[in-house]
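Remarks on the structure that follows.
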């Protein structure tokens, strides 16, 4: 029988509590079973006056509102408060009644500025510690990778920063007159002066912290930030997050990131997987010194231009024991100097050896007298990594590196697709770091809630099986620390 419902009827009283109106499988209801923010009040007590002034917004409610937005991919405060105004789950998760007014969107911005990025980093580390206590973290194998986050600026705001303007502004401090130049310049500064004009850099005055970068050569440069992510192998828990400017090299932060990981999870890392962007000799040498298996494919050492007759530097043999380099003709290159930047060592041949060498036309230019080879720090470890890759990784190493692709790169994909990390919500390096910390905390809490939900489902099936068999069994459930029973 067809019926008609009066949709304009309004109830003055609701008989059921607000919790019953939220579905049991809702993400906020599942996370509420495991999250405990009672420690937050003591952590932020120094940001508030305890005996004077107007009552503040409850810190736990504010943080719950932020986390609820990141669970749903809502990173803008305006959209978040509009959603919380009409969503029962958001109100219940943050602790607001139906008739209770919500805070203004600007209050969340002021709260983030008052707390600072260090506090949100502590919130993220709390989620990692909770996952460790629940037995979800196994840091024997860690996957590390970096991804770009588009800055919150428009293309119209991008302009050019000329190097000449910077030099003119600091000419009084940096310039030296010609008659004041020393007669003998220091070693390493002699020879032909560098007269190449540096290329002007583009930047956005709207967000000066963002720098121009791109993830591939076929794509144009964009104002971006770079997030360095470390994910453990067993359950995909994010164990470390760091955000820098877009042009920062990810390989230089590897060792510091490993130190933070071991301090957080309180256990040594045995295997590290990275892409070719981390294939630096210093990284290989440092990982060997720490007895860490570096599953990092070395970069391609082929010649830059196909068909060129120039003998590349990879044809020169380096002997670390005797500290010398041999050219393809068998001549020895001797050490001449050590560069301060990067601790690189310069090796040169003798001019008499190069004059009579049959490989001279293919080795050096007609105007040059000798061949110069630059050996960076950790080059011996880099050679060992190249030989290992050329011989072929074993099956376990290939399997470990294949997991790197869908573990850490999958985390980046989910963070950008489902949690709003594709583009920065606010401007400035500190705000982008806060966004990254909250995103990682939300993803870890989802993993923790999912594991707990799977455990409860298995327990229910076991109880159902035992009940059908009419067997009386006493079961003791031990909940992880920090999770209410």
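Points worth noting:
- Computed extension gain for residue 113 through residue 38, at 0.36 nm per residue and net of the alpha carbon distance, reaches 24.9 nm.
- In whole percents, the pair-distance distribution calculated for region 203-259 from its alpha-carbon pairs, binned every 10 Å from zero, is 21, 41, 30, 8, 0.
- Which of 143, 404, 26 has the fewest Cβ neighbours within 10 Å, and the rest in rising order: 26, 404, 143
- Exposure proxy for 390, 232: other Cβ atoms within 10 Å of each Cβ, ordered fewest to most, give 390, 232.
- At R0 = 41 Å, FRET efficiency that the Cβ-Cβ distance of residue 86 and residue 140 yields, to 0.05: 0.35
- Two-site label geometry, residue 289 and residue 15: point separation in nm, points 7 Å out along Cα→Cβ: 7.3 nm
- Extension gain for the segment residue 310 to residue 99, taken as residue separation times 0.36 nm less the Cα-Cα distance, is 68.2 nm to one decimal.
- Both radii come from the Cα set of region 247-400: Rg as radius of gyration, Rh as Kirkwood radius; their ratio Rg/Rh reads 1.04.
- Look at the alpha carbon pairs under 8 Å that are at least 6 residues apart: their mean separation over the length of region 18-115 gives a relative contact order of 33 percent.
- Highest-first packing order for the peptide set 213-223, 251-261, 443-453 is 443-453, 251-261, 213-223, based on the mean count of other beta carbon atoms within 10 Å.
- For region 205-245 versus region 62-118, the inter-centroid distance based on Cα atoms is 26 Å.
- Extension reserve of the residue 337-residue 252 stretch, reckoned as 0.36 nm per residue once the Cα distance is removed: 28.2 nm
- 417, 244, 86 arranged by Cβ crowding within 10 Å, fewest neighbours leading: 86, 417, 244
- Here the peptides 262-271, 433-442 are ranked by packing, the mean other Cβ count within 10 Å, and the order with the highest first is 433-442, 262-271.
- In region 313-376, inverting the average of 1/r over every pair of distinct C-alpha atoms gives 12.2 Å as the Kirkwood radius.
- Pairwise alpha-carbon distances in region 18-115 exceed 16 Å for 57% of all pairs.
Readers should treat all values here as calculations from the given coordinates under stated rules, not as data from a laboratory. Nothing here was measured: the structure is a model prediction, and the numbers come from that model. FYI the Cβ positions are ideal-geometry reconstructions off the backbone, even for glycines, and counts take in every protein chain you see.
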